[in-house]
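Here is the structure we will look at.
The values are calculated or read from the model by the stated rules, or taken from the named source; none is laboratory data. The structure displayed is predicted, hence computed values, not measured ones. Cβ placement follows ideal geometry from the backbone for every residue including glycine, while neighbour counts extend to all protein chains displayed. Accessible surface areas use protein heavy atoms only, side chains included; no ligands, DNA or RNA. Shrake-Rupley method; radii C 1.70, N 1.55, O 1.52, S 1.80 Å.
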Amino acid sequence: MKMKAVYRYALLTRASHWVWVVAFAVLVGSGLQIFNASPNLDASDKSDPARRVLAIGSPSYGVGTTTLFGHTFVTTGWLGWTEDGMGSSGPHAFPAWATIPGYQALADGRRWHLFFAWVAVLCALAWLISTAIKGNLREMILRPSDLSKLWPMQAYYLKLRKEPPPHGIYNPLQKAAYTGVMFIIAPLIVLTGLALSPGIDAIANPLTAVFGGRQFARLWHFAGMLLLLAFFLVHTFQVATQGFANQMRSMITGWYET
Amino acid sequence: MKRKLFVASAISAALTGCGPISSALNSSGAVRRTLASAEGLDHLVIGTRGLAREYREHDVDRHFRVNGFATPSDARYMDLVAGNFVAYRLVVDGAVDQRRAFSLAQLHAMPQTTQITRHDCVEGWSAIGKWSGVRLGELLDAVGPRDGARYVVFHCMDNDGYGHLYYESLDLHQARHPQALLALRLNDAALDPDHGAPVRLRVPTQLGYKSAKWIARIELVGSFANIGAGNGGYWEDDGYEWYAGI
């Protein structure tokens, strides 16, 4: 079959995509650095051990534990007691390889986090406005008519079906993922990040209250990160397995071979 | 299959490389200055507006978490504690019309306000306390800031164990915020030594490190460039943001 190349991604889309790759990596790493300073998540406004959902800690020398909804698991080496990036191990919730900077430094982690939060948000707004004006956003948003095609598409991925259901540039599952990430998860992460800041809470008390208070906002913020991480893993798996070179080229040059 | 293996190993190699790479970038002066530019933007956009949420008695942490440096244990502070802080004077000086030294009794004689507010630590935890004392704005009115006074610097009695005394600062706008409080009482009792007796600051619209404990002297200045390492506070000198609203 003869290959045909189509110009699939505009320059702003490609640039935004790679800016987000960097911003996402920095925000996750620096976020884990910030988390490490107080490695608990409570479903409450003020800190409350009685409403603790997640606690990563080190009950004794050389032992790391993770407690989720009251169930404790030994996670030495992975969580709770981990390597510190300087050749030894210690009571750090997330290991040095997962945090920015690698060594324990809350002040620096905050600087990275608060700078790249601006980068990610401003980049997203620029892309969203531009794409909406061009009318291309429509192709990415899940519509009621797509709902009945979700399972047939999943069946196709699972090789239970020979052909995918008819769709536009993006298939119904892609649309569901993009819509969920752009209009639910990303806004949730931004709003909960703002909500856990005392200066924002003072300006908009209801924002923090809506999420259940400061500690609860911190919990949602962390959960949102996990959801985005899950999207990232599925996304990179699909890119890696469905024509890796073609996918990478299209997000660099814009041209995609069909 | 080989390609998939390559992708997987590239990803894991990138991950293990992250720590050293970010640590190296983190020590570059240009990188640090770029990252720090976000603080000015945050200060501009968020600033000091609105009021921190006030809670009910029911929400108060009866045993408010003790944090910060160790309670001072030098002879001067121990004498103050032994004498029930009768000898304590809160010195307010610098760019003021009238230098004053307030006794605890004089501070108690000023109009008192109470707030039940949440203390948000930069580390991530929060606690709620009931604080009573004198509005900082009230104290500023009593001394009269002179033209040229831009910042209110709080010199404290606690130190980091290496001889560096704690200090903090607010600009005049932040200092005149109605909830910026010189707290004399916590949870209906006189402030105890571990919580910053006899006088501590409460700034509920910013992170906890702004709420300096064990205040000895308040100095009004035009610039804090010559105080400490010049960044406006002990933790600021260690890389934390001076604007701590986020």
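Can you tell me which residues in the stretch A:204-258 are surrounded by 18 or more Cβ atoms within 10 Å (Cβ to Cβ) and of a type in the set (D, E, K, R)?
Within the stretch A:204-258, A:ARG214, A:ARG218 meet the criteria.
Among A:VAL28, A:VAL6, which is the only one that is surrounded by fewer than 16 Cβ atoms within 10 Å (Cβ to Cβ) and not in a loop (DSSP other than H, G, I, E, B)?
A:VAL6
Among the candidates A:PRO198, A:PRO187, single out the residue that is crowded, with 17+ Cβ neighbours inside 10 Å and either modelled with pLDDT of 95 or more or polar (S, T, N, Q) (or both).
A:PRO198
Quick check on B:GLY144: is it on the phi > 0 side of the Ramachandran plot, under 16 Å from the mean Cα position of the chain (by Cα) and modelled with pLDDT of 95 or more?
When the stated conditions are applied, B:GLY144 does not pass them.
For the stretch A:122-142, state whether one or more residues are touching a helix residue (DSSP H, G or I) at 6+ places or on another chain (Cβ under 6 Å), modelled with pLDDT under 95 and of a type in the set (Lys, Arg).
Within the stretch A:122-142 (the criterion being touching a helix residue (DSSP H, G or I) at 6+ places or on another chain (Cβ under 6 Å), modelled with pLDDT under 95 and of a type in the set (Lys, Arg)), the answer is no, since none of the residues qualifies.
Going through the stretch A:95-124 one residue at a time, which ones are more than 7 Å from chain B (Cβ to nearest Cβ) and under 17 Å from the mean Cα position of the chain (by Cα)?
A:ALA98, A:THR99, A:HIS113, A:PHE116, A:ALA117, A:VAL119, A:ALA120, A:VAL121, A:LEU122, A:CYS123, A:ALA124
List the number of the failed condition for A:SER60; all other conditions in (1) among the small types (Gly, Ala, Ser); (2) within 14 Å of chain B (Cβ to nearest Cβ); (3) more than 19 Å from B:GLY124 (Cα to Cα); (4) open to solvent by less than 80 Å² (accessible area, probe 1.4 Å) hold.
Among (1) among the small types (Gly, Ala, Ser); (2) within 14 Å of chain B (Cβ to nearest Cβ); (3) more than 19 Å from B:GLY124 (Cα to Cα); (4) open to solvent by less than 80 Å² (accessible area, probe 1.4 Å), A:SER60 violates only (2).
Taking A:ALA107 and the conditions (1) assigned by TED's automatic domain parsing to the domain that holds A:GLY29; (2) crowded, with 17+ Cβ neighbours inside 10 Å, which numbered condition does it fall short on, given that it satisfies the others?
Going through (1) assigned by TED's automatic domain parsing to the domain that holds A:GLY29; (2) crowded, with 17+ Cβ neighbours inside 10 Å one by one, A:ALA107 breaks only (2).
Being in a loop (DSSP other than H, G, I, E, B), open to solvent by 10 Å² or more (accessible area, probe 1.4 Å), more than 14 Å from chain A (Cβ to nearest Cβ) and among the hydroxyl-bearing types (Ser, Thr, Tyr), is that true of even one residue in the stretch B:153-169?
Yes, that holds for at least one residue.
Check B:ALA244 against each of (1) assigned by TED's automatic domain parsing to the domain that holds B:SER103; (2) crowded, with 22+ Cβ neighbours inside 10 Å; (3) hydrophobic (A, V, I, L, M, F, W, C) and name the one condition it does not meet.
(1)
Can you name the condition, by its number, that B:VAL122 falls short on among (1) under 15 Å from the mean Cα position of the chain (by Cα); (2) under 26 Å from B:PHE85 (Cα atoms); (3) open to solvent by 10 Å² or more (accessible area, probe 1.4 Å)?
Of (1) under 15 Å from the mean Cα position of the chain (by Cα); (2) under 26 Å from B:PHE85 (Cα atoms); (3) open to solvent by 10 Å² or more (accessible area, probe 1.4 Å), only one is false for B:VAL122: (2).
Looking at A:TRP78, A:TRP118, A:TRP97, can you tell me which residue is closer than 30 Å to A:PRO206 by Cβ and either in the same structural domain as A:LEU188 (by TED's automatic domain parsing) or open to solvent by 60 Å² or more (accessible area, probe 1.4 Å) (or both)?
On inspection, the qualifying residue turns out to be A:TRP118.
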